[in-house]
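To start, the structure itself, in structure tokens.
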């Protein structure tokens, strides 16, 4: 990959022994910049989604950064392990790679959840008017995060394999390439996840009613009443149902708004 | 916090959507350059090539200089690319000169902080017995997300674009 990029002789003399680092980094940064601009074009084209779902934009930079944080550190640890000679290309739990894969999966789920909560707290704290409910933010953050992370993890593993086989220095290529993939994949992943908004079974509204009332309503829509709820509560809500979703996919912001679940179930 | 900075300035970005195209590139460039610096410093710290001193050693200064040199073409390309894509998509832009000025000004401010954060995060991690590989890039990229967005918003305001 790096061998094809030739720097001018003057630059080779200027960088001296670091010319390999510059060459590898420029390739990775070039990819990073060009794909980030594609992500930017995508961001510009879905600006109406952010107008339709206020508060979602708060989540975006952090969600993009999260992929870079988790898999940048992941790649860094693998890189040091390769430099130190302790690396094996195996995902068994007792190997450096296996432990890092498990850690990255747990971090993706946990941090996506925390990110949504933090975004909601910040949006409310800074008086961003009409921000979308916490359940919606959690759904978008977690589903979008998992979708993006699966691909980024696969790519990071591919890079580790390439580093071992072709002698690349992961220090020079991991951060730019992982953050590139984080940028390019996170926005579409979050956008895809916004398509799940409006399915009441995925984001039930708690509102101000007691939690057992809400849970029994939700539960009774598809089966038996929630067992831990009081009998009167369950019987009152056994006939409740969430309105059925008419369209499988929101084609436009206005259509999404019209198919979003109401604040309360029909009882 | 980066998101809040963007959300609060959303009207300005809506006026010139080409600026919005530049946002992910500006954020990820700062994160990528900080990641390169952090990755190199943490590997060299762990291998004993760089000492965790308050004033960067010669080897650390060399890495810092290289990353700063790399940042120039990166931010220039960010502005050119955003202008080009904005034109292709028929989106309003404040003009190539302003795009380049905003990108370089925001990039310079972001890189100054990136270098400080990357170096001292790695040093503090080593001195407190933590693994700089684990703490370096996350600290840099999460801080840089906010710093990068804020630097770009401030640069845009300082240039009177929006």
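The values are calculated or read from the model by the stated rules, or taken from the named source; none is laboratory data. Here the structure is a predicted model, which means the values were calculated and not measured. Note: ideal-geometry Cβ built from the backbone for every residue, glycine included; neighbour counts use all protein chains shown.
Among the residues of the stretch A:103-122, are any under 29 Å from residue B:27 (Cβ atoms), over 24 Å from the mean Cα position of the chain (by Cα) and part of a helix (DSSP H, G or I)?
No - not one qualifying residue is present in the stretch A:103-122.
Could you list, in sequence order, the residues of the stretch B:37-64 that are within 20 Å of residue B:108 (Cβ to Cβ), within 19 Å of the chain's Cα centre (by Cα) and touching a residue at least 12 places away in the same chain (Cβ under 8 Å)?
Those that are within 20 Å of residue B:108 (Cβ to Cβ), within 19 Å of the chain's Cα centre (by Cα) and touching a residue at least 12 places away in the same chain (Cβ under 8 Å): B:37, B:38, B:63, B:64.
Answer yes or no as to whether residue A:148 is outside any loop (DSSP other than H, G, I, E, B), out of contact with any helix residue (DSSP H, G or I) (no Cβ under 9 Å at 6 or more places or on another chain), at pLDDT 80 or above and more than 10 Å from chain B (Cβ to nearest Cβ). Please lay out each step first, then the result.
On the way: outside any loop (DSSP other than H, G, I, E, B): yes; out of contact with any helix residue (DSSP H, G or I) (no Cβ under 9 Å at 6 or more places or on another chain): no; at pLDDT 80 or above: yes; more than 10 Å from chain B (Cβ to nearest Cβ): yes.
So residue A:148 fails the test.
Does residue A:69 meet the test of being buried (at least 19 other Cβ atoms within 10 Å of the Cβ), more than 12 Å from the chain's Cα centre (by Cα), assigned by TED's automatic domain parsing to the domain that holds residue A:152 and under 22 Å from residue A:158 (Cβ atoms)? Full working, then the answer.
Details: buried (at least 19 other Cβ atoms within 10 Å of the Cβ): yes; more than 12 Å from the chain's Cα centre (by Cα): no; assigned by TED's automatic domain parsing to the domain that holds residue A:152: yes; under 22 Å from residue A:158 (Cβ atoms): yes.
No: the conditions fail for residue A:69.
Just wondering, is there one or more residues in the stretch B:74-87 that are away from every other protein chain (no Cβ under 11 Å) and closer than 30 Å to residue B:15 by Cβ?
Initially, the stretch B:74-87 is screened for residues away from every other protein chain (no Cβ under 11 Å), giving B:87.
Among the residues that remain, those that are also closer than 30 Å to residue B:15 by Cβ are: B:87.
Yes, because at least one residue in the stretch B:74-87 is away from every other protein chain (no Cβ under 11 Å) and closer than 30 Å to residue B:15 by Cβ.
Of the numbered conditions (1) under 20 Å from residue B:64 (Cβ atoms); (2) away from every other protein chain (no Cβ under 12 Å), residue B:96 fails exactly one; give the number of that condition.
So residue B:96 meets the others, but not (1).
Tally time: how many residues in the stretch B:47-66 are facing another protein chain (nearest Cβ under 8 Å) and surrounded by 14 or more Cβ atoms within 10 Å (Cβ to Cβ)?
In the first step, residues of the stretch B:47-66 are kept if they are facing another protein chain (nearest Cβ under 8 Å); the result is B:47, B:62, B:66.
After this cut, where a residue has to be surrounded by 14 or more Cβ atoms within 10 Å (Cβ to Cβ) as well, the list is B:62, B:66.
The total comes to 2.
Evaluate the following for residue A:63: is it assigned to a helix (DSSP H, G or I), more than 7 Å from chain B (Cβ to nearest Cβ) and surrounded by 24 or more Cβ atoms within 10 Å (Cβ to Cβ)? Working first, answer last.
Values: assigned to a helix (DSSP H, G or I): yes; more than 7 Å from chain B (Cβ to nearest Cβ): yes; surrounded by 24 or more Cβ atoms within 10 Å (Cβ to Cβ): yes.
Spelling it out, residue A:63 is indeed assigned to a helix (DSSP H, G or I), more than 7 Å from chain B (Cβ to nearest Cβ) and surrounded by 24 or more Cβ atoms within 10 Å (Cβ to Cβ).
In the stretch B:109-162, which residue that is within 10 Å of the chain's Cα centre (by Cα), more than 9 Å from every other protein chain (Cβ to nearest Cβ) and buried (at least 20 other Cβ atoms within 10 Å of the Cβ) is nearest to residue B:64 (Cα to Cα)?
In this case the residue turns out to be B:115.
Mind checking whether some residue in the stretch A:79-99 is farther than 22 Å from residue A:159 by Cβ, within 16 Å of the chain's Cα centre (by Cα) and away from chain B (no Cβ under 14 Å)?
No - not one qualifying residue is present in the stretch A:79-99.
Mind checking whether some residue in the stretch A:43-56 is in contact with a helix residue (DSSP H, G or I) (Cβ under 6 Å, 6 or more places away or on another chain), under 23 Å from residue A:186 (Cα atoms), facing another protein chain (nearest Cβ under 8 Å) and modelled with pLDDT of 80 or more?
Scanning the stretch A:43-56, I find no residue that is in contact with a helix residue (DSSP H, G or I) (Cβ under 6 Å, 6 or more places away or on another chain), under 23 Å from residue A:186 (Cα atoms), facing another protein chain (nearest Cβ under 8 Å) and modelled with pLDDT of 80 or more, so the answer is no.
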